[in-house]
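A quick write-up on the structure given underneath.
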Amino acid sequence: MLKDNPRFARMVGGVPERLGLWMLSHLQYFQLGAHKQPSDVRLIKQVRRERTCLMSAFECFTLHSLAKACGRMPGEIAEVGCYRGASTKLICEAVGGVHSNKTVHVFDTFEGLPKSSPPDRGIHDENQYACSLESVREYLQPYSNVRYYKGIFPATSEPVNDLQFSFVNCDVDLYEGTLGCLEFFYPRLVPGGILMSHDYSMLNGVKQAFTEFLADKPESAVELPTSQCMLVKRG
Ligand SMILES: C[S@@+](CC[C@H](N)C(=O)[O-])C[C@H]1O[C@@H](n2cnc3c(N)ncnc32)[C@H](O)[C@@H]1O
C-alpha cells in the first residue's frame, strides 16, 4: 500500500504533496461537476484556489456536505487542525456563511504540528504546516461566528468544556492529537452528531487512535472512499 511505502513519507509536505492533490482534484472536479450542485463545486474550487488546502476536492466535498447536514442539528461545530483555514471556510459556508449564528470553534497550535510519537512512524516534522493565527483570522474575517483557540489541543479545550457538538472535523495528522480529539469530543457529541477525521486510511497514528479509542465503544469508524472516516454518535 502507498502509505507503507517509504517514498510516501518523502512526499508528505511540500511540493509533491501539493502537486499530487492539485492533479487529483482537477480530475475530481469533472466528476463532481457532472452531478453535484454547481454552487458547491464552485465553492470548493474557489477555496482551493484561495488557500493552500491539504484535502482533495472529494475530501472538501465530504467535509462540506457533512458539516451542512450536522449544522441543522442542535450543537456547536468544531475543527481541530485548520492549517491555513481552507477547511474552516468550507465549514463556515456549510453552516450558513457570513450571516450564520452557529459558532465554529477552531483549535490549532498556529505553529504547525507538535512532536510526533512512535505510532506516527516519523512521517511528519515538528512545526510542519505552520500558519499564524493572524493569517487565518484575516482570511476568515467575514465570518464573525468563528472562535479561535491557540495551542496544543486538548490543553486548549477548557473554554468549550460545557458545550455539546453536532460536528467536529479533526485533521491533526498525529496519534496523540487524534486520540485527544476523540477523548474530548466523544462525550460531548449530540446523538447523531459526527466526528470526522482526515487521513484515517493514510496515516497509521490516526487509525491507531480510532482503533484504540473505539475498542470499548458501541460505535465503529465508518471509512469513506477518501482518506477520511467518520464516527456517528449513537443516541
Ligand atoms: C494537515 S494540517 C490541517 C489541514 C487543514 N484542515 C486543511 O484541510 O487545509 C494539520 C494542522 O493541525 C494542527 N495540529 C496538529 N496537532 C495539533 C494539536 N494537538 N493541537 C492543535 N493543533 C494541532 C497543525 O498546526 C496544522 O495546522
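Being open to solvent by 30 Å² or more (accessible area, probe 1.4 Å), within 12 Å of the ligand (Cβ to nearest atom) and closer than 19 Å to ARG147 by Cβ is the filter here, so list the residues in segment 73-124 that pass it.
TYR83, ARG84, GLU111
Mind checking which residues of segment 127-152 are touching a residue at least 60 places away in the same chain (Cβ under 8 Å) and at positive phi? Step through it out loud before you land on a result.
Filtering segment 127-152 for residues touching a residue at least 60 places away in the same chain (Cβ under 8 Å) gives 128-129, 139.
The answer is TYR129, and nothing else.
Going residue by residue through segment 52-71, is there one that turns out to be free of Cβ contacts under 8 Å to residues at least 60 places away in the same chain, more than 14 Å from the ligand (Cβ to nearest atom), touching a helix residue (DSSP H, G or I) at 6+ places or on another chain (Cβ under 6 Å) and closer than 23 Å to VAL172 by Cα?
Within segment 52-71, one or more residues are free of Cβ contacts under 8 Å to residues at least 60 places away in the same chain, more than 14 Å from the ligand (Cβ to nearest atom), touching a helix residue (DSSP H, G or I) at 6+ places or on another chain (Cβ under 6 Å) and closer than 23 Å to VAL172 by Cα.
Filter segment 162-172 for residues that are over 10 Å from SER197 (Cβ atoms) and within 16 Å of the ligand (Cβ to nearest atom) and give the result.
Scanning segment 162-172 gives a single hit, PHE167.
Give TYR143, TYR129, TYR149, TYR175 a once-over and let me know the one that is among the hydroxyl-bearing types (Ser, Thr, Tyr) and in contact with a Cys (Cβ under 7 Å, 6 or more places away or on another chain).
Details: TYR129 fails: in contact with a Cys (Cβ under 7 Å, 6 or more places away or on another chain); TYR149 fails: in contact with a Cys (Cβ under 7 Å, 6 or more places away or on another chain); TYR175 fails: in contact with a Cys (Cβ under 7 Å, 6 or more places away or on another chain).
The unique qualifying residue is TYR143.
Which number in (1) over 24 Å from MET230 (Cβ atoms); (2) within 14 Å of the ligand (Cβ to nearest atom); (3) of a type in the set (S, T, N, Q) marks the one condition that SER144 misses?
So the condition that SER144 fails would be (2).
The values are calculated or read from the model by the stated rules, or taken from the named source; none is laboratory data. Keep in mind the model is a prediction, meaning the values are calculated, not measured. Methodologically, a virtual Cβ is constructed for each residue, glycine included, from the backbone with ideal geometry; neighbour enumeration extends over all protein chains shown. SASA here: full protein model, heavy atoms, side chains in, ligands and nucleic acids out. Shrake-Rupley method; radii C 1.70, N 1.55, O 1.52, S 1.80 Å.
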